[in-house]
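Okay, handing you the structure first.
The values are calculated or read from the model by the stated rules, or taken from the named source; none is laboratory data. The shown structure was predicted, so the numbers you read here are calculated from the model rather than taken from an experiment. All Cβ positions, glycine included, derive from the backbone under ideal geometry; neighbour counts span all protein chains shown.
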Amino acid sequence: MSTLASLLKYGREYLAERKIDNSDGDAWYLMEFVWGIDRSCYFIRSDDIIEQEKEERYRELLEKRGRHVPLQYLTGQCGFMGLVFQVNEQVLIPRQDTETLVETALYRLKKGSRVLDLCTGSGCIILSLKNMEPSIEAVGTDISMGALETARKNGENLGINAQFYQSDMFDKVTGTFDMIVSNPPYIPSGDIPGLMEEVRSYEPLKALDGGRDGLDFYRVIAQKALSFLNPGGWLGLEIGYDQKKAVEGLLKTYGYGEIETVQDLAGLDRTVWGRRL
């Protein structure tokens, strides 16, 4: 018969043997998820004999995590900007890096602005903006119906009102906006096989592959966004750590003003902004 303590020890060792980063933490998070306990409760109950059904569920999740299935896909949720978002294999897992895009957007937003989030995925960007500034009109688009279903569900779960509809980039976008933001696919095609297994094997390829040089989506957005931005409107783009020069160059080519790159908390170039003059 297993106790919580013995099973947690097993989980940590199991994941460590399979070279899972943060094996100790992931073993704990899966236990927290299955039993619905916090650390205080764990220490009180650590020597309790546990239910067989929950032990089997825990071992099943460990086996999947041992195959490098991302932890967030196993628990079905991920924290972002103080909110909890539903995630699955249809959407990228929200990263803390992307909070830089949201925080910078909030600084530039005016009350009542109309905001478009291209390649919205889970909806974490646009829903976070709407949560922090409820006066905006929030619109998110994606080519993936699976992603849009997830984004809509997140809006419902969080009680945040945003419009989500399917569009291949700007193809079905109507009207104009005071701000357009996007975390588009930006990994060069040739770099994808070298990504960590959790990313290359499980996260949606469509949301990762930015073409030969990683800039395919930026070229389209930089050119076409001008037709959908109101005068003085902002375009904000998340970028890879080494794409500052290229993306700034695209914005300059198409005549954006006040171009600025904002770094994330790690000091890496993370977002590029430009303004329609």
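So I160 passes all but one of these: (1) in contact with a Lys or Arg (Cβ under 8 Å, 6 or more places away or on another chain); (2) surrounded by fewer than 20 Cβ atoms within 10 Å (Cβ to Cβ); (3) touching a residue at least 40 places away in the same chain (Cβ under 8 Å). Which condition number does it fail?
I160 satisfies all of (1) in contact with a Lys or Arg (Cβ under 8 Å, 6 or more places away or on another chain); (2) surrounded by fewer than 20 Cβ atoms within 10 Å (Cβ to Cβ); (3) touching a residue at least 40 places away in the same chain (Cβ under 8 Å) except (3).
Next question, about the same structure. Just to check your reading of the model, which residue among R200, R212, R219 is farther than 16 Å from L277 by Cβ and without any contact (Cβ under 8 Å) to a residue 12 or more places away in the chain?
On inspection, the qualifying residue turns out to be R200.
Within segment 162-192, work out how many residues are touching a Ser or Thr at 6+ places or on another chain (Cβ under 9 Å), of a type in the set (F, W, Y) and farther than 11 Å from V139 by Cα.
So the answer is 1.
Would you mind listing the helices (runs of 4 or more DSSP H) fully within segment 11-80 where at least 1 residues are of a type in the set (F, W, Y) and without any contact (Cβ under 8 Å) to a residue 40 or more places away in the chain?
It comes to 23-35, 39-45.
Looking only at residues that are part of a loop (DSSP other than H, G, I, E, B) and acidic (D, E) in segment 83-133, which one is nearest to the chain's Cα centre (by Cα)?
E89
Do the conditions hold for E103, that is, is it modelled with pLDDT of 95 or more, surrounded by fewer than 24 Cβ atoms within 10 Å (Cβ to Cβ), more than 30 Å from H68 (Cα to Cα) and of a type in the set (D, E, K, R)?
Criteria met by E103.
Further question on the same structure: Tell me, yes or no, whether segment 142-155 has at least one residue that is out of contact with any strand residue (DSSP E or B) (no Cβ under 6 Å at 6 or more places or on another chain), under 26 Å from R108 (Cα atoms) and not acidic (D, E).
Yes, that holds for at least one residue.
Now, a different point. Exactly one of (1) part of a helix (DSSP H, G or I); (2) touching a Gly at 6+ places or on another chain (Cβ under 8 Å); (3) more than 23 Å from T141 (Cα to Cα) is unmet by E198. Its number?
Among (1) part of a helix (DSSP H, G or I); (2) touching a Gly at 6+ places or on another chain (Cβ under 8 Å); (3) more than 23 Å from T141 (Cα to Cα), E198 violates only (2).
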